[in-house]
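Nothing in this text is a laboratory measurement; each read-out follows from the coordinates by a stated rule. Please read all numbers here as calculations on a predicted model, not as lab measurements. Ideal geometry is used to build each Cβ from the backbone, glycine not excepted, and the neighbour counts take in all protein chains shown.
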Amino acid sequence: MVSAERLAAEACTIEMQRCSKPIGKQDQYIAAYGGFQFIQFNPDESVYVDPIVMRTEDRQRLHAALLMLYTGTTRSAAGVLQEQQHNLENDAERRILLGKMVRLAWQVRDALQQGDLDGFGEALDEGWQLKRQLAGGISNPTIDGWYERARRAGALGGKILGAGGGGFLLLYAAPEKHPAIRAALPGLRSIPFHFEPQGSKIIYVEENGR
């Protein structure tokens, strides 16, 4: 039994140092903590995790407004992340974009805590428009086409989950708009999901400590 902080930190050490993966820490930390968290990654390698406090009814409305679609395409996250890291180290304009994304994270936190879900959806769109400029592999004409069709069908915002380039497309839209969005994207499969409030946990222990 270990704390969420230790679990996340050890996962980062294994992936980033021992396996030399060009990744960040956000996946390990949110998997360890679960729920809605505002995670701050500091220059000294420390990480602050603060819960985003939402009313139950706002959390339920958010869940109802999110639509997750499987694109049917996969990609190597490492390749996309390596390109992104190289661009951020060598391109001042892209570092400015990253600064805007950091400020947008604070805006998203405030929107969720205040129950401004449409504000969250609009910020999601702004974040995606910024992120897709960080590296060429994050988006492509096919993904851009799906996203534009979803927007025309009523989505306020969305993004490709993870590094980009494929995988899952998450959209925010009023629930009554979801049928039109699905109809506009017939090649994508809707995937049901639920929020995980607890994060990683031990679910099975053998007898006698084995």
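Okay, helix-only estimate at 222 nm for the chain: each DSSP H run of n ≥ 4 adds -39500 (n - 2.57), divide by all residues, round to 500 deg cm²/dmol; what do you get? List each step's numbers first, then the result.
Values: 8 runs with 97 residues, N = 210.
Theoretical 222 nm ellipticity from helices: -14500 deg cm²/dmol.
Which of the peptides 176-183, 131-138 is most tightly packed, and how do the rest follow, judged by the mean count of other Cβ atoms within 10 Å per residue? Intermediate values should be presented prior to the final figure.
Working: 176-183: 14.9, 131-138: 19.4.
Descending packing order for the listed peptides: 131-138, 176-183.
Ranked by the mean number of other Cβ atoms within 10 Å per residue, highest first, peptides 8-16, 115-123 order as 115-123, 8-16. Amide hydrogen proximity for A174: with H placed 1.01 Å from N in the peptide plane, the residues at 5 or more positions away or on another chain lying under 5 Å are L156.
Calculated on the alpha-carbon coordinates, the convex hull of region 90-141 measures out at 68 cubic angstrom per residue.
Peptides 167-174, 21-28 ranked from most to least packed by the mean count of surrounding Cβ atoms within 10 Å: 167-174, 21-28. Applying the Kirkwood pairwise sum to the alpha-carbon positions of the chain produces a hydrodynamic radius of 18.6 angstrom.
Quick check: net charge around K100, other residues with Cβ under 12 Å of its Cβ, Lys/Arg +1 and Asp/Glu -1?
Details: positive: R94, R95, R103, K131; negative: E93, E126.
Net charge in that neighbourhood comes out at +2.
Going Cα to Cα from K100, which lysines come in below 21 Å? Please leave out same-chain ones fewer than 8 positions away. Output for K100: K25, K131, K159.
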